[in-house]
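Peer 1: The structure follows.
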């Protein structure tokens, strides 16, 4: 699977280069994370240098936090063709793409701790000025609820204040077209839960600095995020049949999430889903908010051990979530069940 994933990423890059050629682009821009610094091999280096050498266009790269520019990076060790330009300092530096058109770029020179590139930066020349870098736009970071340390953080308003007409930025997997900046998003699947139409962006730059954007799809992998509501399922086979029906005809990779409320007697495990017949290459199954349909009010009236257990738990000073978790786990244990992950 790892080899197939790697091949898909390489296919996406090749399609991107072909797109640049077919649209008669003037340059190819990459805002970092072209590869993983901790995982690359000599084969990765040879592949990238060959691909860029074979395209008859300037290739401009601003290294990110995963492919940071350092002594052991591909950017230092590979023999690049003359059409490849790699920014190598943590301050924005100019590259003239055409008469009156300047691209300012910078690199992450460490895997973490890079400050915002736009901090204290001001354009010192006329014409159209663009930027290429890898960074975390703060408002988008807040919307995603990401508590991780931001890499080269910036505010979108800083782009205009710096005298730039637009910035092409890498880092976020989800695509975003802002007034002053563009995040293309990763062109190929990297993790489940990613949303938005991602892929290379063909940009037309007008003389006044305004731009037009056109997104293109180059992903080779077909990825599906499937939610199966098993509410009302009365037995294990019922769950399997419902799941199989929902993924029928799909190919590629899928994450299958089982959710809903099942009868207490249903005994289904994650491994059971391996028995499903499908055309998927790979599937990952998980339970999310999968609840057991116990009637606690009815059970507490029973003159049994489990009736006493329910009465004791309901009488305790517990929060609603904790109370339900204890009730379901205890009742399943009393029933002799060990598939407690459903609780």
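Read-outs: derived from the displayed coordinates by stated rules, not from any lab. Nothing here was measured: the structure is a model prediction, and the numbers come from that model. Every residue, glycine as well, gets a Cβ built from its backbone with ideal geometry; the counts of neighbours run over all protein chains shown.
Peer 1: What FRET efficiency do you get for residue 288 and residue 179 if R0 is 35 Å and r is their Cβ-Cβ distance, rounded to the nearest 0.05?
Peer 2: Efficiency for this residue pair is about 0.45.
Peer 1: At 0.36 nm per residue, and after removing the present C-alpha to C-alpha distance, how many nm does the segment from residue 125 to residue 208 gain when stretched out fully?
Peer 2: 28.4 nm
Peer 1: Rounded to the nearest 0.05, what FRET efficiency do residue 190 and residue 161 have when you use their Cβ-Cβ distance and R0 = 35 Å?
Peer 2: The calculated FRET efficiency here is 0.60.
Peer 1: Multiplying the sequence separation of residue 4 and residue 295 by 0.36 nm and subtracting their Cα-Cα distance, what value in nm do you get?
Peer 2: Length gained, residue 4 through residue 295: 100.0 nm.
Peer 1: Between residue 259 and residue 50, what is the FRET efficiency for a Förster distance of 51 Å, r being their Cβ-Cβ separation, to the nearest 0.05?
Peer 2: Using R0 = 51 Å, I get an efficiency of 0.65.
Peer 1: From Cα pairs below 8 angstrom and at least 6 apart in sequence, can you work out the relative contact order of the chain, rounded to a whole percent?
Peer 2: Computed value for the chain: 10 percent relative contact order.
Peer 1: At 20 °C and 1.002 mPa s, grab the translational diffusion coefficient of the chain from Stokes-Einstein with a Kirkwood Rh over Cα pairs, rounded to a whole number in µm² per second.
Peer 2: Using the Kirkwood radius from Cα pairs, D works out to 91 µm²/s.
Peer 1: Rg and Dmax of the range 222-293, Cα atoms, in Å?
Peer 2: 11.5, 36
Peer 1: How far is helix 320-334 tilted, in degrees, relative to the longest principal axis of the Cα atoms in the chain, given as a value from 0 to 90 rounded to the nearest 10?
Peer 2: 60 degrees
Peer 1: Can you work out the PRE-style zone for residue 329? Point 7 Å along Cα to Cβ, and I want the residues of the range 241-266 with backbone N under 12 Å.
Peer 2: Within reach of a label on residue 329, which here means backbone N under 12 Å from a point 7 Å along Cα→Cβ, the range 241-266 contributes nothing.
Peer 1: Give me the angle, in degrees from 0 to 90, between the Cα long axis of helix 42-54 and the longest principal axis of the Cα atoms of the chain, rounded to the nearest 10.
Peer 2: 50 degrees
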